[in-house]
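K.L.:
Please read through the structure below; I'll follow up with questions.
The values are calculated or read from the model by the stated rules, or taken from the named source; none is laboratory data. If you're wondering where the values come from, they're calculated on a predicted model, not measured in any experiment. Please note that ligands, DNA and RNA were not included when accessible areas were found on the heavy atoms of the full protein model with its side chains. Shrake-Rupley method; radii C 1.70, N 1.55, O 1.52, S 1.80 Å.
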Amino acid sequence: MTVIEPEDDGGLAPAARGPLRERVYLRLRSDLMTGRIGPGDRLGEERLAELYGVSRTPVREALARLQADGLVERDDHGLFPYRPRLEELADLYELRITLEMRGLLRILQGSGEMHDPQILGPEVQRWYGFRNEMPDPDAGFVVLDEQFHTTLLASSGNRALVDALAGVNAKVRPVRMFDYLTPDRMRATVDEHIAVAELVLDGHLQRAHDALLSHIDESRAVVIERAQQALAMARMANAVRD
């Protein structure tokens, strides 16, 4: 296994900075995403526990969470970093766009339903809060981003579309995490989510459709560009396979 270089603080942060299991999870997630752990490295509990200076229990819990996140996958030889293929990203984004646009088109084309403000309203309030106090860049922000998109789709009234989108999100999540590592992408995401939600709540569905399509296209361009760069950059070499 690739040796994991210590952080500036010499390893995991002290207990005052959070529960041990959370710190192990965040450190391991960071090491998976920044290239400290190689794409072919088996993620053995004993070895990771030794490297982090902890027992196997928080490592086991962290690996379980990372597997649920999609950053870790299991094969016949154990757990390894997940590395989606570039061609899969394009296909998954095409499916994502189809599902999300359908939530707006079904109403635009006369389904007889309207977006439910009781579902969408509280979600847009959450994003107003983010705009007032912008979160720091963090890969985990992808979960909140997914929640916005699934809530928007749920407000259109078709639960099957929401379930299908959740499946797509789970597959593309490991690489989409790279979209939330810079302040500009955080600000753009917050502002664009609010703009789309306001258009929907105000009944401007064609404009909302166009804004949502532009938003997803921009995210797709950023994610695929960074995935392509990962093929030539050592610190992101784990994100994709050739």
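K.L.:
Carbon and sulfur atoms: what percent of the 1.4 Å accessible area of the range 106-183 do they account for?
P.N.:
Answer for the range 106-183: carbon and sulfur cover 52 percent of the accessible area.
K.L.:
At a probe radius of 1.4 Å, what is the per-residue accessible area of Leu51, in Å² to the nearest 10?
P.N.:
Looks like 50 Å² after rounding.
K.L.:
Under the rule a/c < 1.5 gives rounded, and otherwise a/b versus b/c splits prolate from oblate, where does the range 99-190 land using the Cα gyration tensor?
P.N.:
Oblate, since a/c reaches 1.5 and b/c is not below a/b.
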